[in-house]
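Read the figures in this text as sums done on the coordinates, not as results from a lab. Nothing here was measured: the structure is a model prediction, and the numbers come from that model. Neighbour counts run over all protein chains shown; Cβ positions are idealised from the backbone, glycine included.
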């Protein structure tokens, strides 16, 4: 991701100027150009396929949209997650959804996935704080290249999938590597290892 503008933007300004352009998101007033690589998209694609399979198999009332913006609580951010699972039964409460694919309520979201790129600080800190404040129950940080700081993924750094689950309004973080089976509160029957996800981009 690349910061493009030194002038702080509001959510409303971003929506008018960049809302239809999937290359950009807004973080704390900074216009960020998203630069996903092919391997990044391979990882995101595998997760999308596996979660959609679970939604269909279990007949869950969930939706993984092709495009979606998240409006956090503050006035200067607009996130484009790599993958978002929405609760279709809650979308009637969303004030913007009928006009645009934008969600503003944590209750509409079951799970968010961010695949880590070079600007890993956004996924491990800024977005984590915002998703927690919104009350999003589950957040995956998929660091298939082991780019995150050692504070987050330890030393020596290695590919890590972190699942954050909301408990008492705070995220409890669990890390998965290698043959570890992922433990998801949203998809409790998911049969997937960390290596299956993390190796999709290698």
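State the antiparallel share, in %, of DSSP beta bridges confined to the chain, rounding to the nearest 5. That works out to approximately 80 percent antiparallel. Look at where the Cα atoms of the range 77-106 and of the range 133-149 average out, and the two centres are 19 Å apart. In plain terms, the residue of 123, 180 with the fewest other Cβ atoms within 10 Å comes first and the most crowded comes last, giving 180, 123. Convex hull volume of the C-alpha atoms in the range 145-202, normalised per residue: 89 Å³.
Exposure proxy shown here: for 33, 167, the number of other Cβ atoms within 10 Å sets the order, fewest to most, as 167, 33.
The value of relative contact order for the range 110-158, using C-alpha pairs under 8 Å at least six residues apart, is 45 percent.
Using alpha carbons only, the radius of gyration of the range 130-172 set against its Kirkwood radius gives Rg/Rh = 1.04. Packing-based ranking of 50-62, 104-116, 79-91, 14-26 yields 104-116, 79-91, 14-26, 50-62, ordered from highest to lowest mean Cβ neighbour count within 10 Å. Once C-alpha pairs closer than 8 Å and six or more residues apart are averaged by separation and normalised to the residue number of the chain, the relative contact order reads 17 percent. Between residue 132 and residue 59, the C-beta separation translates, for a Förster distance of 22 Å, into a calculated FRET efficiency of about 0.15. Report the residues of the range 94-130 in range of a label on residue 23: point 7 Å along Cα→C-beta, backbone N strictly under 19 Å from it. Under 19 Å, as judged by backbone N against the label point of residue 23, lie 117-119 of the range 94-130. Annotation: the residues 181, 92, 40, sorted from fewest to most other C-beta atoms within 10 Å of their own C-beta, follow the order 92, 181, 40.
The helix-based estimate of mean residue ellipticity at 222 nm for the chain, built from -39,500 (n - 2.57) per DSSP H run of four or more residues and divided by its residue count, is -6500 deg cm²/dmol to the nearest 500.
Here is the size of the chain from its Cα atoms: Rg then Dmax, 16.1, 47 Å. Annotation for the range 150-202 versus the range 1-72: alpha-carbon center distance of 20 Å.
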